[in-house]
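What follows is calculated from the coordinates using simple rules that are stated; it is not laboratory data. None of the values given here were measured: they were computed from a predicted structure. Counting neighbours? That spans all protein chains shown, and the Cβs are built from the backbone with ideal geometry, glycine included.
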Amino acid sequence: MTDQVLLRALRLRGERPALLGHTGTGSHGPLRGLPLLPADLVVNLDRTPPNGDPLLAPAETGADSQGEGAGPAPEPVDHVGLVAVVATTVADLRRAVSLGARLPRTHQVVAVITSPAAHLDPPLPAVPGLGQWRDLQEARVARLDGGGWACELFFLEPVETAPALDAIAFGAVGRRRGPATAPPTALSGTEAPAWRPAVPRARGVPPRGPVARHRSTPVADIALRTGEGRLPDWRDDAVPALDRYPAGSLTWERIGAADGVDRVREGTAGGFDPSRLPPVDERVVNPIGFTGESLPRVAEFGVRDGRAVIAYGRRVYLELPPTGAVTDSDIARLRDLRGVKVGWRGHAGPLAAARAVAGLAAGGVPLFCEEVPGWAEPLGPELTALLTSVTAADLDDRLARERHSIRLRRTALRTHGTAARWRELARQAGVRPVPETRVSVLLCTRRPDMVDFALAQVAAQRDVELEVVLALHGFTAEDPRVRRALDAFARTGRGTVVYEAPAGEVFGTVLNNAAGRASGTVIAKWDDDDWYGPHHLGDLLLARTYASADLVGCAQEFIYLEEIDRTVWRPAATERTDPFVAGGTLLLDRTVLEECGGFRPLPRAIDTQLLLGVAGGGGRIYRTHGHNYLVRRRASGHTWSEDPGYFLRDAARQWPGRRAGGLLLDDDPAGRAGHPRQQESESV
């Protein structure tokens with residue numbers, strides 16, 4: 001069916017030349033044997049740098065062009081009749097988007113994704129907001145044999161290609177783009193798009209510079225150059241440049257050559273730290289689709305016949321490219337494995353192997369090994385320590401396997417994700433990084449005696465910039481218990497806004513008034529009597545980004561039954577879109593709250609009504625893991641009325657007393673004197 005799509009597109013393009021690009025493993029196959037005109041161009045987009053002239057001239061005879069369309073060079077044109085891109089995965093398509101202006105304007109855009117991950121949405125493009133597509137004549141989205149997708153766009157007047165491909169790619173991952181991950185960047189070199197995927201306005205820059213100006217202002221704050229050997233001196237005093245060696249080029253063979261020492265120095269100038277690796281594109285390489293169920297299979301990541309593969313016995317689950325890049329489809333193929341043992345011998349080079357491990361960890365694949373070689377230092381010390389923290393036998397326990405996956409994905413995303421990488425690169429270049437997201441925690445309580453307990457848990461949150469909006473429902477901040485709690489929280493350096501709500505004000509109105517006093521761009525709802533792990537907010541923010549979600553929350557997996565003093569674990573389907581999440585864990589952009597009209601002014605069922613409002617407006621609700629959250633279930637006082645037997649019947653595991661599943665720390669407020677004793681204090 002892919003052939004039919006491409007043949008139809010070639011018939012409809014008229015007499016103008018066509019650009020046919022391919023990206024990703026095996027993507028060249030559908031382009032073979034097509035009836036091309038002499039001026040048509042077939043190009044390997046993975047080997048095309050973002051800097052240079054637009055791709056309008058016919059291809060030279062070679063491996064990438066197959067010698068197709070040989071003939072005299074035509075005069076340059078301002079647009080072409082067709083741009084078709086065959087991408088193996090959505091990750092590959094997103095990388096091609098960053099070729100930007102090198103992709104010519106066209107009347108017809110075709111994107112074929114042959115092997116997308118099954119959990120991704122159909123690539124229905126989002127129309128840009130400045131009327132660029134008002135001349136759209138026809139749009140088609142069709143599922144291909146084998147689960148792929150084809151999107152065809154036909155315009156009466158030519159449009160820019162890169163934004164159109166970007167709209168298609170974002171249709172597959174979600175409508176909400178989320179916060180920026182990097183300052184405006186200029187790119188140079190073949191591997192540069194991997195450092196800034198899905199940036200249709202990416203600016204190419206010559207290896208020497210300078211960065212282009214819009215009037216007198218540089219179009220980028222930082223330039224990133226990739227290439228082997230010593231790059232030419234940079235000639236732009238206004239814009240700093242960082243140089244990176246291509247991950248697939250620093251091979252052991254080249255390191256062992258006569259000039260190997262020089263290559264190592266060039267490839268590691270400035271240190272051999274995580275910033276040497278291209279970032280993980282967390283919009284597509286992430287934990288979505290992780291499942292607690294697994295087959296009793298532990299595969300091995302190693303080298304067979306000179307190829308980096310993940311295999312179980314004779315079955316090869318995955319073959320990785322020489323660059324070490326991991327895609328959405330790669331992660332999906334590994335979901336049923338119990339774990340993957342990392343072997344370090346035989347890999348082509350250090351950067352490619354480390355890049356592959358970082359990508360697999362970001363996807364939540366349960367990786368482990370006996371030791372990590374010194375040359376894998378770009379993984380970072382935290383990820384390195386996690387790889388050796390478990391064995392294959394440990395992963396036979398479902399709870400231990402999930403906890404290990406959570407630790408791996410959190411560390412990998414915080415170390416190797418696009419946002420984390422560019423924050424570090426901006427620091428190295430002396431450029432202001434993209435601001436951190438600020439979270440406003442809405443804490444509404446009727447109980448003065450619980451304020452200290454709740455605020456201390458908020459204070460323990462890691463890796464997040466936050467403030468607390470404390471709504472005191474029916475009492476004032478002059479209460480000595482409240483004053484002591486506020487003084488203790490103030491010593492953490494985090495901000496607090498206090499709202500004293502009248503006792504007769506309904507709960508939904510209290511929450512709305514509290515939200516109106518918040519200064520953060522993100523709102524998080526917090527219950528005063530449940531327990532939260534120190535990574536609760538940080539993990540929700542990660543999920544908000546990688547799931548392109550409008551609202552994020554946790555599952556109610558761990559429940560403390562206060563009436564019988566027992567804790568149960570009820571595993572739930574997580575890392576997926578779902579219309580319902582735990583009300584005490586809701587996190588959403590304040591713009592989403594405004595789009596829903598705020599919290600409904602009701603005395604109860606506020607959380608359910610908000611979820612219905614988001615879903616009714618077409619929003620994406622995402623449920624991440626529940627290992628940071630322990631629900632306190634009292635004998636009475638709940639809107640949802642069930643006896644303890646209900647929770648015990650479906651429990652996969654239960655423990656006497658209060659047990660938080662190993663998520664809270666020894667110094668966590670839930671374990672302090674005056675509160676129920678913490679029986680398991682290791683942190684996930």
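What list do you get for Arg491, Arg403 if you sort them by fewest beta carbons within 10 Å?
Arg491, Arg403
In the range 165-248, how does Rg compare with the Kirkwood Rh, expressed as the Rg/Rh ratio over alpha carbon atoms?
Reported Rg/Rh, Kirkwood definition of Rh: 1.01.
For Thr567, which sequence-distant residues (separation of 5 or more, or a different chain) have an amide H within less than 5 Å of its own amide H, given hydrogens modelled in the peptide plane?
Leu561, Trp655, Gly657, Arg659
Rounded if a/c is under 1.5, else prolate if a/b beats b/c, else oblate: with a ≥ b ≥ c from the C-alpha gyration tensor eigenvalues square-rooted, which is the range 438-671?
Cα axes put the range 438-671 in the rounded bin.
Would you please give the residues with an amide H less than 5 Å from that of Trp526, counting only those at least 5 places away or on a separate chain, with H modeled from the backbone geometry?
Leu442, Cys444
What ranking do Thr23, Thr190 get, fewest neighbouring Cβ atoms within 10 angstrom at the top?
Thr190, Thr23
May I ask you to work out the translational diffusion coefficient for the range 298-416 at 4 °C, viscosity 1.567 mPa s, via Stokes-Einstein with Rh from the Kirkwood sum over Cα pairs, reported in whole µm²/s?
It comes out at roughly 93 µm²/s.
Do the sum for the chain: with -39,500 (n - 2.57) for every DSSP H run of n ≥ 4, divided by all residues, what is the mean residue ellipticity at 222 nm, to the nearest 500 deg cm²/dmol?
Only helices count here, giving -7000 deg cm²/dmol.
So, with +1 on the Cβ of K and R and -1 on the Cβ of D and E, and no other charges, what is the size of the charge dipole of the chain about its Cα centre, to the nearest 20 debye?
100 debye
What is the mean projected area of the alpha carbon convex hull for the chain, to one decimal in square nanometres?
32.1 nm²
Can you tell me how the range 375-441 classifies by the Cα gyration tensor, rounded, prolate or oblate, using a/c under 1.5 as the rounded cut?
Oblate shape, in that a/c is at least 1.5 and b/c is the bigger or equal ratio.
Could you work out the per residue convex hull volume over the alpha carbons of the range 152-207, in cubic angstrom?
118 Å³
Short version: ³J(HN,Hα) in whole Hz for each residue of the range 401-413, in order, from phi by Karplus 6.51 cos²θ - 1.76 cosθ + 1.60 (θ = phi - 60°), x for Gly and Pro, what are they?
5, 5, 4, 5, 4, 4, 4, 4, 5, 4, 5, 5, 5
Using the Karplus curve 6.51 cos²θ - 1.76 cosθ + 1.60 with θ = phi - 60°, what ³J(HN,Hα) values do you get for each residue of the range 183-188, in whole Hz, with x for Gly and Pro?
x, x, 10, 9, 10, 8
Run a plain Debye calculation on the range 544-589 (Cα atoms as equal point scatterers, no solvent) and give log10 I(q)/I(0) at q = 0.19, 0.20, 0.30, 0.33 Å⁻¹, rounded to two decimals, same order as the q list.
-0.66, -0.71, -1.15, -1.26
Over the chain, what is the mean sequence separation of C-alpha contacts under 8 Å (at least six apart), divided by residue count, expressed as relative contact order in percent?
9 percent.
Output the Kirkwood hydrodynamic radius of the range 376-533, Cα pairs only, in Å rounded to one decimal.
It works out to 18.3 Å.
To the nearest 20 Debye, how big is the dipole of the range 298-416 about its Cα centre, given +1 on the beta carbon of each Lys and Arg and -1 on that of each Asp and Glu?
For the range 298-416, the charge dipole is close to 240 debye.
Taking the Cα atoms of the range 2-177, report the difference between the largest and smallest coordinate on each principal axis, in whole Å and largest first.
45, 34, 31
Distance between the C-alpha centers of the range 179-199 and the range 147-172? Whole Å please.
What the calculation gives is 20 Å, centre to centre.
On a C-alpha basis, how far is the centre of the range 304-323 from the centre of the range 325-393 in Å? Whole number, if you could?
Going from one Cα centre to the other spans 13 Å.
Cβ neighbours within 10 Å, averaged per peptide: list 195-202, 333-340 in order, most packed at the top.
195-202, 333-340
Which whole-angstrom value gives the distance between the alpha carbon centres of the range 71-146 and the range 3-51?
Taking the Cα centre of the range 3-51 as reference, the centre of the range 71-146 is 11 Å away.
Calculate the FRET efficiency for Arg140 and Ala503 from the Cβ-Cβ distance with a Förster distance of 51 Å, rounded to the nearest 0.05.
After rounding, the FRET efficiency stands at 0.30.
Name the shape class, rounded, prolate or oblate, that the alpha-carbon gyration tensor gives for the range 494-536, where a ≥ b ≥ c are the square roots of its eigenvalues, rounded holds for a/c under 1.5, and otherwise prolate holds if a/b is larger than b/c and oblate otherwise.
oblate
Sequence-distant or interchain residues sharing an amide H contact under 5 Å with His119, placed H: which?
Placed amide hydrogens put nothing under 5 Å from His119.
Less than 17 Å from a label point 7 Å out along the Cα-to-Cβ axis of Arg201: which backbone N atoms in the range 122-152 qualify, by residue?
127-133
Calculate how steeply helix 507-516 sits against the longest principal axis of the alpha-carbon atoms of the chain, using the helix alpha-carbon long axis, and give the answer as 0 to 90 degrees to the nearest 10.
Approximately 50 degrees, to the nearest 10.
Ranked by Cβ crowding within 10 angstrom, fewest neighbours first, how are Arg95, Arg203 ordered?
With the sparsest Cβ surroundings first, the list reads Arg203, Arg95.
Let me have the relative contact order for the range 2-177, percent, based on Cα pairs under 8 Å that are six or more residues apart.
Dividing the mean separation by the residue count of the range 2-177 yields 22 percent.
On a 0 to 90° scale, report how tilted helix 350-362 is relative to the longest principal axis of the chain, with both axes built from alpha carbons and the result rounded to the nearest 10.
40 degrees
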